Amino acid sequence: MKTRRDVERLKSEWECDPIWDLEDTEGFEEYREELLAFRLQKEKEWRKERERRFLRYAKDLGLSKNLELARYLEALERKIETLEEKVLELTETVGRNRREGRLI
């Protein structure tokens, strides 16, 4: 039987890495309803926070009245960041391979 401390620890761990349905965690079946309510509440809070940040982003761009364009620009920025990360990774790999005398 899991203790209250176990449940709170599980919630805390999930908040740091929410990649699973919290309420389906094995061994915590008796807390399913509580965990489901907690997950749904947190997801709602996170959605509100994302929307708040997005609206501030749109306002900063002067696009409060054109949210569609702001969403498009935001998506492009994320893609550019991803591409920059990939280029950096490739640059590091090429440099490492050169230092080690390996061909690509």
Next on the checklist: Tell me whether the range 79-94 contains one or more residues that are more than 24 Å from the chain's Cα centre (by Cα), polar (S, T, N, Q) and loosely packed, with under 13 Cβ neighbours inside 10 Å.
Outcome noted: yes
Checklist outcome for this item: When the range 46-104 is checked residue by residue, the ones that are of a type outside the set (A, V, I, L, M), assigned by TED's automatic domain parsing to the domain that holds residue 17 and either touching a residue at least 12 places away in the same chain (Cβ under 8 Å) or in contact with a strand residue (DSSP E or B) (Cβ under 8 Å, 6 or more places away or on another chain) (or both) are 54, 57
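Look at residue 15 and say whether it is in contact with a Lys or Arg (Cβ under 8 Å, 6 or more places away or on another chain), surrounded by 13 or more Cβ atoms within 10 Å (Cβ to Cβ) and not assigned by TED's automatic domain parsing to the domain that holds residue 103. Can you show your working first?
On the way: in contact with a Lys or Arg (Cβ under 8 Å, 6 or more places away or on another chain): yes; surrounded by 13 or more Cβ atoms within 10 Å (Cβ to Cβ): yes; not assigned by TED's automatic domain parsing to the domain that holds residue 103: yes.
Yes; evaluated as a whole, the condition is true for this residue.
Of the residues 39, 56, 9, which single one is exposed (fewer than 12 other Cβ atoms within 10 Å of the Cβ) and either part of a helix (DSSP H, G or I) or out of contact with any helix residue (DSSP H, G or I) (no Cβ under 7 Å at 6 or more places or on another chain) (or both)? Give the derivation first.
On the way: 39 fails: exposed (fewer than 12 other Cβ atoms within 10 Å of the Cβ); 9 fails: exposed (fewer than 12 other Cβ atoms within 10 Å of the Cβ).
Checking each option against the conditions leaves just 56.
The values are calculated or read from the model by the stated rules, or taken from the named source; none is laboratory data. Please read these numbers as outputs of a predicted model, since none were measured by experiment. All Cβ positions, even for glycine, are placed from backbone atoms using ideal geometry, and neighbour counts span all protein chains on display.
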